[in-house]
Amino acid sequence: MSEVDRTRAAWPQIRDELLRRIGEGEYPSGSKVPSVIAIAAEFGVANSTAQRAMEAVRAEGLTRSEKGIGTFVL
């Protein structure tokens, strides 16, 4: 899924896709998740929308962020 349904809020759709990718091992434990800028470009959304989706994934306890380094799957 690289396209969002424009009739619904984009960030939950992106969050769900990131959760799917983590759950299916596309982003395995310890791997680096693409940057907010890369996610925004992939889905054609604003950086703030991608950031909100990333924050939602982090709130579920599946990733950790290291300032200046990136976000990693736990």
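The values are calculated or read from the model by the stated rules, or taken from the named source; none is laboratory data. Source: prediction; values computed, not measured. Glycine also receives a Cβ, built like all others from the backbone with ideal geometry; neighbour counts cover every protein chain displayed. Side chains are part of the model used for accessible areas, which takes the heavy atoms of the whole protein and leaves out ligands, DNA and RNA. Shrake-Rupley method; radii C 1.70, N 1.55, O 1.52, S 1.80 Å.
Are any residues in the stretch 16-54 more than 20 Å from residue 5 (Cα to Cα) and either buried (at least 16 other Cβ atoms within 10 Å of the Cβ) or among the polar types (S, T, N, Q) (or both), and if so, which ones?
22, 27, 29, 31, 33, 34, 35
Looking at the stretch 26-40, which of its residues are in a helix (DSSP H, G or I) and free of Cβ contacts under 8 Å to residues at least 24 places away in the same chain?
36, 37, 38, 40
Keeping to the stretch 41-65, report how many residues are assigned to a helix (DSSP H, G or I), among the small types (Gly, Ala, Ser) and in contact with a strand residue (DSSP E or B) (Cβ under 8 Å, 6 or more places away or on another chain).
Count: 0.
How about the stretch 1-15: which of its residues are closer than 24 Å to residue 66 by Cβ and open to solvent by less than 40 Å² (accessible area, probe 1.4 Å)?
14
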